[in-house]
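The values are calculated or read from the model by the stated rules, or taken from the named source; none is laboratory data. Keep in mind that this is a model prediction, so the values were computed, not measured. Note: ideal-geometry Cβ built from the backbone for every residue, glycine included; neighbour counts use all protein chains shown. Ligands, DNA and RNA are stripped out before the accessible areas are found, and what is left, the full protein with its side chains, is counted by its heavy atoms. Shrake-Rupley method; radii C 1.70, N 1.55, O 1.52, S 1.80 Å.
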Amino acid sequence: MRTPLAAFLAASLLLAAPALAQAGPEEAPWQVLKGELTREHFEKYTEVPFDLPEGVKRITIRFSYAGKEQKSVIDLALRDPQRFRGASGGTRNRLTLSTEEATPGYLPGPLPAGRWALILGVPNIRPGARAPFEAQIFLERAAQVTEFADTPIVAKAGWYRGDLHMHSGDSDGRCKAQSGVSIPCPVYRTVEAAASRGLDFMALTDHNTTAHYNAMRELQGAFDRMLLVPGREITTFWGHSNVFGPTDFLDYRMTGPNWDQARKWIDAVHAEGGIVSINHPGAPSGEMCMGCGWRVDGLPDGAIDAVEVVNGGTMRETRAADSALQGFAYWTSQLNAGRHVTAIGGSDSHEADRPANEPGAVGSPTTVIYMPELSVRGMLAGIRSGRVFIDVEGVKGRFLELSALAGDRRAVMGETLPVRRGTSVRFTVDVQGVTNGTVQLVIDGKAEPAYRAAIEADRAPVLAPWRGDGRAHWVRAEVRDGTGRLLLIGNPVYFVQAE
Ligand SMILES: [Zn+2]
Ligand SMILES: [Zn+2]
């Protein structure tokens, strides 16, 4: 079946020298395998070998060949030193494999060092025809942020709406089978629910596992207008945290509620380019919700990037976004400690079938993020920047942006504005989709009536100016409806003393 290697090399295989630098999937290839198939290879399988080094986390191959106009066909398959790793016939020109997930048609799993081979089958090639091929091989030697799509879902900057916290049957998410019985919910049903709500992005965050990523890669191809974000709920005995970006194993097995234990996974997430968000920090811990409240001591500055301030599951219990069981107290304590930590929300949906108008359904709450592009890296950059607001009920068209003007310098949510003592700062709040209610500025955690304004049709709310005192402060805006129900929560503009 296999053409002997020597014979194949004689048939014009050229092995390029390995690249020196560690290469990500979009950088220079680690190796380029080139060769040419002719009628000699017709109805045969030809192996093109390469020797994978130790410690590879992901292998990505781009494959191309010429001669299609003469009906030459090369079918592609792959084997590692131990087993067959999949096949794609003539249908794919790019494939990727990691421990956790792989291009459909290929098998995820360990990437053992040793002799791998492309298996090239030739079902058709005419006498005299030549089919030169090229396989570019890219390696990741350190885990990094995973994108399931090859290119951004939308390549332009803008506000994008999504749900950052939900569970499928890869942990404890459930939905109804054909017969009506409750079953562990397949990933596609959760993704369909998010798409049906018109979301731009969704993070599936099953508890501790990495098993949902393979399905997400497959589904991303079909849901090509909605970004699928790799997430995971690191679920410990002393608190839960969503991590976004990485797909490799993170060691959640803390043996105590302290930083030395938590840093096992937090440092890994950051090293790989991901972010860490503390989930439902105000939830009680006990038999009803095991390990739910955040009780880990001694986190240094920079350990966390975000806090889930509104959790849909908690909303279902309390019916109010500003319940003491939500994340406001923890978030405020972080901000008052001088940390720039972004508030986000998440439905914590465990039931893809839950009707859209109920709290805790997929998309309720929605987090709205200003991103440089709609991609996983774009979303992470958006959360890091802090230009984010929470739409408690997930109503498309609701919008909140806060900007501050001091002299000729302006800052929006997440940004820092230097102000001198005595400088007057004017705030502008852009509210859309709420016709009747109030805007409140919250300054260092306090909501004073002096910084409240009515929302009236066709007129931007007018807020009293605020005067800097030369010290660090943070100011955020929130919007309530006419009955006082909290609808929109913005992230802070930060102030520091001017030089
Ligand atoms: Zn949780
Ligand atoms: Zn959860």
Out of the range 303-331, which residues are among the charged types (D, E, K, R) and either open to solvent by less than 10 Å² (accessible area, probe 1.4 Å) or away from ligand 2 (no atom under 13 Å from the Cβ) (or both)? 305, 308, 317, 319, 322
With the structure loaded, tell me whether residue 314 is of a type in the set (Val, Ile, Thr) and over 19 Å from residue 163 (Cα atoms) or whether it fails that test. no
Surrounded by 18 or more Cβ atoms within 10 Å (Cβ to Cβ), in the same structural domain as residue 300 (by TED's automatic domain parsing) and more than 16 Å from ligand 1 (Cβ to nearest atom): does that describe residue 272? yes
Here the residues within the range 332-347 that are within 19 Å of residue 380 (Cα to Cα) and not in a strand (DSSP E or B) are 339, 340, 341, 347
Looking at the range 454-461, can you tell me whether even one residue there is closer than 25 Å to residue 329 by Cβ and aliphatic (A, V, I, L, M)? no
Out of curiosity, is residue 97 crowded, with 20+ Cβ neighbours inside 10 Å, modelled with pLDDT of 95 or more, farther than 28 Å from residue 309 by Cβ and outside the structural domain of residue 271 (by TED's automatic domain parsing)? yes
Residues (hydroxyl-bearing (Ser, Thr, Tyr), under 19 Å from residue 294 (Cβ atoms) and under 12 Å from the mean Cα position of the chain (by Cα)) located in the range 222-281: 277
Out of (1) in contact (Cβ under 8 Å) with a residue 12 or more places away in the chain; (2) surrounded by fewer than 16 Cβ atoms within 10 Å (Cβ to Cβ), the one residue 216 does not meet is (2)
I'd like the residue in the range 161-185 that is in contact with a Gly (Cβ under 6 Å, 6 or more places away or on another chain) and more than 20 Å from residue 278 (Cα to Cα) and, out of all such residues, is least open to solvent (accessible area, probe 1.4 Å). 185
Filter the range 235-269 for residues that are within 16 Å of ligand 1 (Cβ to nearest atom) and either open to solvent by 40 Å² or more (accessible area, probe 1.4 Å) or assigned to a strand (DSSP E or B) (or both) and give the result. 235, 236, 237, 238, 239, 240, 241, 242, 243, 244, 252, 257
Failed criterion for residue 108 (all others in (1) in a strand (DSSP E or B); (2) within 36 Å of the chain's Cα centre (by Cα) hold): (1)
Pairs returned, first residue in the range 291-320 that is within 24 Å of residue 350 (Cβ to Cβ) and among the basic types (Lys, Arg), second residue that is modelled with pLDDT of 95 or more and open to solvent by 10 Å² or more (accessible area, probe 1.4 Å), beta-carbon separation under 6 angstrom, 6 or more apart or interchain, are 295/238; 295/257
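Can you tell me which residue is farthest from residue 157 (Cα to Cα) among those in the range 205-231 that are within 16 Å of ligand 1 (Cβ to nearest atom) and in contact with a Leu (Cβ under 7 Å, 6 or more places away or on another chain)?
Taking the candidates together, the pick is 212.
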Among the numbered criteria (1) in a strand (DSSP E or B); (2) surrounded by 21 or more Cβ atoms within 10 Å (Cβ to Cβ), which one does residue 87 miss? (2)
Can you tell me which residues in the range 286-344 are out of contact with any strand residue (DSSP E or B) (no Cβ under 7 Å at 6 or more places or on another chain) and hydroxyl-bearing (Ser, Thr, Tyr)? 314, 318, 323, 332, 333
Please work out which one of (1) within 13 Å of ligand 1 (Cβ to nearest atom); (2) within 30 Å of residue 177 (Cβ to Cβ) is the condition residue 327 fails and give its number. (2)
Within the range 288-301, residues open to solvent by 60 Å² or more (accessible area, probe 1.4 Å) and within 15 Å of ligand 1 (Cβ to nearest atom) come out as 288, 290, 295
Unmet requirement for residue 145, which otherwise passes all of (1) in a strand (DSSP E or B); (2) open to solvent by 10 Å² or more (accessible area, probe 1.4 Å): (1)
